[in-house]
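This report concerns only the one structure given below.
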């Protein structure tokens with residue numbers, strides 16, 4: 001069992017929207033749920049108008065019936081608060097509840113995520129509904145956990161938000177002098193002389209487009225503020241539920257590497273992390289694995305819920321390919337391998353109209369069970385039932401960490417220069433993928449994370465260094481850790497003010513180098529990273545090329561071309577019991593593999609499986625039920641994997657496993673390892 005999820009097996013299910021269907025369809029649906037092994041349904045996600053047709057009227061009879069039906073079949077509910085899309089009557093009665101976009105336009109009723117998080121009406125009515133629901137269903141065992149709103153996101157620039165932003169800034173800075181210093185407001189005469197002068201940074205003020213802003217400190221703070229404002233809306237509902245049910249398990253569904261919200265701040269207020277995984281056909285298995293890893297890492301390795309995935313296809317991309325046979329099962333077990341203690345879908349039955357009528361579902365429009373998708377869903381349901389509770393609560397130990405920080409992401413991409421081709425997520429994913437491909441267990445950490453227990457902490461675009469981060473990294477290295485500071489390390493403080501002396505700022509003494517110049521070339525224009533000494537090989541590098549001036553470090557690689565050929569691009573400095581490495585460019589995948597292997601070798605960190613074949617993924621979870629090795633084959637061909645010393649049994653097939661493991665095409669092995677093997 002996890003610390004929070006009240007289940008005796010991995011719950012299996014997803015979003016069910018009975019408010020869209022007549023009563024006879026409900027009975028048909030729950031019969032099909034039983035056939036598929038489904039036991040947890042997310043209900044009441046978008047039913048605000050049905051529950052509250054007018055401000056002073058609540059109607060719960062239909063929801064009562066839904067919950068009673070699930071309870072009669074031994075199923076449970078993840079009960080939504082329905083507040084992700086406001087009713088039409090609210091938009092009519094309180095027009096200022098509607099968001100104002102970045103172009104300064106106030107929206108009208110329609111769609112979802114349509115309410116201003118600082119609207120007085122929304123902040124009163126949303127928690128009131130949540131409280132009504134909690135009061136009515138307190139003590140009902142059928143309600144396993146609470147689902148606040150749905151996929152919080154977006155931004156608002158209305159007068160309510162502008163006023164709330166000023167309050168937020170007063171609390172953050174205290175004085176206008178401190179604010180003006182943080183924003184370097186003397187630039188272009190942007191100095192603020194009264195709090196009332198502060199305006200939201202939309203395209204009518206400082207924003208010039210997606211990656212252009214005249215006052216980067218202002219824009220960065222508004223991104224922080226809007227993440228906090230939406231979190232505040234979540235907390236109002238959670239508090240209303242908690243007031244009625246003190247021990248309620250409360251969450252909302254996150255969206256992985258979703259740029260607008262700082263999920264590290266959100267994680268403090270969620271009882272369990274839940275997230276929606278919708279990889280595109282172009283996403284690599286490593287990219288998907290990194291999102292799972294991020295979600296698991298948000299609460300210090302606590303298992304998470306896979307709250308949504310599609311059984312077959314999406315509907316919002318330009319070309320919505322089907323998941324090939326076996327892929328849904330493989331991706332589901334991949335989530336479990338990285339820490340999921342629930343596997344769920346969107347959606348149970350396809351809608352007959354509106355924008356999600358072509359989104360995949362367990363039950364298609366024809367309602368038949370003799371289909372490929374339903375058979376695959378039922379197969380997975382049977383496997384999860386047979387597994388029982390043996391992996392619940394099991395953790396995923398790792399000795400490698402990759403740095404991931406939302407404010408750094410925002411700040412890098414807010415900057416005008418040095419290149420428009422620099423994308424935070426792409427660079428961090430490439431670094432993670434280099435470890436992942438070689439079988440290393442990895443966590444994702446940030447400025448507030450505990451670094452104890454890691455052998456390697458690697459970063460790229462560690463652009464912002466908030467107060468205390470440099471000291472934490474230095475202590476990690478001096479205590480015996482190996483640290484990699486990649487491209488654009490230590491450029492600016494948490495307000496995006498460049499450190500005096502330039503990069504790497506407070507890490508200059510630790511790294512033993514400083515950056516004199518940074519060359520930025522168009523994508524596709526390459527240089528070479530030529531490794532030296534114990535490292536060997538020549539690899540491509542691109543985008544940015546830092547000119548490193550060595551003060552107290554050894555040179556491990558140099559540039560191979562241009563006027564800076566022969567100058568350092570990769571360095572290492574020994575400090576205390578550990579090492580601090582600096583990389584000055586964006587290196588290709590082959591070069592990153594060599595580099596990450598060298599970091600791990602220096603730290604004495606071994607991969608879970610040496611010589612892991614391409615396309616094969618390995619993770620391990622450990623808990624009261626034992627130690628579980630997951631081997632996943634993401635290719636359409638059989639793969640053979642050698643796992644030295646492995647002895648155990650595959651819990652999915654029942655087969656005994658030895659050192660040589662055969663992986664079927666898109667196959668999964670979940671091996672409970674024998675003690676002492």
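The values are calculated or read from the model by the stated rules, or taken from the named source; none is laboratory data. Because the structure is predicted, anything quoted here is derived from the model rather than measured. Counting neighbours? That spans all protein chains shown, and the Cβs are built from the backbone with ideal geometry, glycine included.
Read through the list (1) under 27 Å from the mean Cα position of the chain (by Cα); (2) surrounded by fewer than 19 Cβ atoms within 10 Å (Cβ to Cβ), then give the number of the only condition that residue 196 fails.
Unmet condition: (1).
Scan the stretch 399-427 for residues that are within 18 Å of the chain's Cα centre (by Cα) and part of a loop (DSSP other than H, G, I, E, B) and jot them down.
Matches in the stretch 399-427: 404, 405, 423.
Out of the stretch 511-534, which residues are under 19 Å from residue 574 (Cβ atoms) and out of contact with any helix residue (DSSP H, G or I) (no Cβ under 6 Å at 6 or more places or on another chain)?
Let us first name the residues in the stretch 511-534 that are under 19 Å from residue 574 (Cβ atoms), namely 511-514, 531-534.
Within the stretch 511-534, 511, 512, 513, 531, 532, 533, 534 meet the criteria.
So is residue 530 touching a strand residue (DSSP E or B) at 6+ places or on another chain (Cβ under 7 Å), assigned by TED's automatic domain parsing to the domain that holds residue 489, surrounded by 15 or more Cβ atoms within 10 Å (Cβ to Cβ) and more than 24 Å from residue 491 (Cα to Cα) or not?
yes
What about residue 16, is it at pLDDT 95 or above and surrounded by fewer than 22 Cβ atoms within 10 Å (Cβ to Cβ)?
For residue 16, the condition - at pLDDT 95 or above and surrounded by fewer than 22 Cβ atoms within 10 Å (Cβ to Cβ) - is not met.
Taking the options 176, 145, name whichever one is out of contact with any helix residue (DSSP H, G or I) (no Cβ under 6 Å at 6 or more places or on another chain) and surrounded by 20 or more Cβ atoms within 10 Å (Cβ to Cβ). Walk me through it before giving the result.
Values: 176 fails: surrounded by 20 or more Cβ atoms within 10 Å (Cβ to Cβ).
Just a single option satisfies the conditions, and that option is 145.
Checking the condition part of a loop (DSSP other than H, G, I, E, B) and modelled with pLDDT under 95, which residue from 369, 391 passes?
Every option except 369 fails the conditions.
Without any contact (Cβ under 8 Å) to a residue 40 or more places away in the chain and surrounded by fewer than 16 Cβ atoms within 10 Å (Cβ to Cβ): is that true of residue 467 in this structure?
On the way: without any contact (Cβ under 8 Å) to a residue 40 or more places away in the chain: yes; surrounded by fewer than 16 Cβ atoms within 10 Å (Cβ to Cβ): yes.
When the stated conditions are applied, residue 467 passes them.
Could you grab me the full set of residues in the stretch 325-356 that are surrounded by fewer than 22 Cβ atoms within 10 Å (Cβ to Cβ), at pLDDT 95 or above and assigned to a loop (DSSP other than H, G, I, E, B)?
Result: 325, 326.
Could you tell me whether residue 452 is assigned to a loop (DSSP other than H, G, I, E, B) and modelled with pLDDT of 95 or more? Reasoning before the result, please.
Working: assigned to a loop (DSSP other than H, G, I, E, B): yes; modelled with pLDDT of 95 or more: yes.
In short, yes.
Run down 589, 553 and say which single residue is free of Cβ contacts under 8 Å to residues at least 60 places away in the same chain and in contact with a helix residue (DSSP H, G or I) (Cβ under 8 Å, 6 or more places away or on another chain).
553
Read through the list (1) surrounded by fewer than 21 Cβ atoms within 10 Å (Cβ to Cβ); (2) more than 33 Å from the chain's Cα centre (by Cα); (3) within 22 Å of residue 598 (Cβ to Cβ), then give the number of the only condition that residue 517 fails.
(3)
What's the total number of residues in the stretch 660-674 that are within 17 Å of residue 638 (Cβ to Cβ) and assigned to a loop (DSSP other than H, G, I, E, B)?
4
I'd like the full set of residues that are within 20 Å of residue 101 (Cβ to Cβ) and in contact (Cβ under 8 Å) with a residue 60 or more places away in the chain, limited to the stretch 169-209.
202, 203, 204, 207
Answer with yes or no whether residue 374 is touching a residue at least 40 places away in the same chain (Cβ under 8 Å), more than 22 Å from residue 496 (Cα to Cα), assigned to a helix (DSSP H, G or I) and touching a helix residue (DSSP H, G or I) at 6+ places or on another chain (Cβ under 8 Å). Give the derivation first.
Values: touching a residue at least 40 places away in the same chain (Cβ under 8 Å): yes; more than 22 Å from residue 496 (Cα to Cα): yes; assigned to a helix (DSSP H, G or I): yes; touching a helix residue (DSSP H, G or I) at 6+ places or on another chain (Cβ under 8 Å): yes.
The answer is yes for residue 374.
Just give me the residues in the stretch 1-57 being closer than 17 Å to residue 352 by Cα and assigned to a helix (DSSP H, G or I), in sequence order.
18, 19, 20, 23, 24, 25, 26, 28, 29
Condition check ((1) assigned to a loop (DSSP other than H, G, I, E, B); (2) surrounded by fewer than 20 Cβ atoms within 10 Å (Cβ to Cβ); (3) touching a residue at least 40 places away in the same chain (Cβ under 8 Å)) across all residues:
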| residue | (1), (2), (3) |
| --- | --- |
| 261 | yes, no, yes |
| 264 | no, no, yes |
| 269 | yes, yes, no |
| 290 | no, no, yes |
| 295 | no, no, yes |
| 301 | yes, yes, yes |
| 307 | no, no, yes |
| 313 | yes, yes, yes |
